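In what follows, a single structure is set out as structure tokens and then discussed.
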Amino acid sequence: MAFLQSRVKAIHDEIFSAGEYRSRRTFQNDLCYLRGRYGADIRYDAHERLYVMESSGIFQLNLKITEGEITALSAGLSMASHFLPHIKGAASSLWEKLSEYVPDEILSLGSEIMRSTMNALPVAETDAEVFGTLIEAKRSKKAVNILYSAPGKMPKHWVLSPYDLYFRGNAWYIASFNHKYENLGIHRVNRIISASISDEEYVMPEEAGFTEEYVLSAWHVIPGNERIPVKVRITEPLAESFREVKWHPTQKVSECDEGGIILTAEVPDLYEVARWVMSGAPHIIVIEPDELKDIVIEFAEEVLSNMKGEIE
């Protein structure tokens, strides 16, 4: 692309500085060469009285790439195709093109990294066309019609104004304005059966960036406007690894006199925190609020009940 831009600039410079090109035939030959050999989309702008090259989305590159850069590309391409379904085909195509020029031993290392990345980071399978439609609707600020299948319910049609796509808990979610209920809602993208651009008018966010704050409020997946203070004690050996993890934007960690750490945060949904407490049992102890304690007890009693049922 840089070559095309410089060549078109050279044509312009010679036309407008010298007053004329070497010859009309040479000029047309150069245009035909750029258009035919490189697929350059060059048009004449009668208003500006100059030739303009439109971006065709195709780039000619002449680069020296190191082994480390190839490894970085392989890891990046695998994660891109794994996490962003709408560009999976493009990522695979690029890797195939690189494979023609890279030694087999480097390809082998790159492929190994690609497999390791995908195995270590499982992602809910998402329809590439749906994902691409949501991104385009968000970019162009257009409403979308979706058919959504929630667990245990019949699929429903919704009209949404997409605001933010975010990744949590091995799946993509979209925060958007629901036209029927006139409120902000969250939908899991892999549960969207189909999506298309809607004729309904896009509803702009109430204020810039407010959905980002809304999304970040979630302890794990479920965001909300409520801010409930929670306080837990995490004992060793779990505390050591928890010192290294930022679980929530509002969290604060302090050392506990009895050993371990005290973690505090403000969250919108206590059930997500309760499930997290259960996953770290018996090394996560709820200090407050009492409602969180009750939910954890409810979960623990259900686990015990299920275990007794299996034993009997």
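Quick look at the values:
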read-out	value
Residues satisfying the stated conditions in the range 258-287, i.e. open to solvent by 30 Å² or more (accessible area, probe 1.4 Å) and within 15 Å of residue 231 (Cβ to Cβ)	258, 264, 266, 285, 287
Those residues of the range 45-65 which are more than 34 Å from the chain's Cα centre (by Cα) and either exposed (fewer than 11 other Cβ atoms within 10 Å of the Cβ) or at pLDDT below 65 (or both), in sequence order	45, 46, 47, 48, 49
Index of the failed condition, residue 206 passing every other in (1) in contact (Cβ under 8 Å) with a residue 12 or more places away in the chain; (2) surrounded by fewer than 18 Cβ atoms within 10 Å (Cβ to Cβ); (3) more than 30 Å from residue 261 (Cα to Cα)	(1)
Which numbered condition residue 213 fails, given (1) touching a residue at least 12 places away in the same chain (Cβ under 8 Å); (2) within 18 Å of residue 168 (Cβ to Cβ); (3) in a helix (DSSP H, G or I)	(1)
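The values are calculated or read from the model by the stated rules, or taken from the named source; none is laboratory data. What you see is a predicted model, and the numbers here were worked out from it, not measured in a lab. So basically every Cβ, Gly included, is an ideal-geometry build from the backbone, and we count neighbours across all protein chains shown. Note: accessible area is taken over every heavy atom of the protein model, side chains too, but ligands, DNA and RNA are not part of it. Shrake-Rupley method; radii C 1.70, N 1.55, O 1.52, S 1.80 Å.
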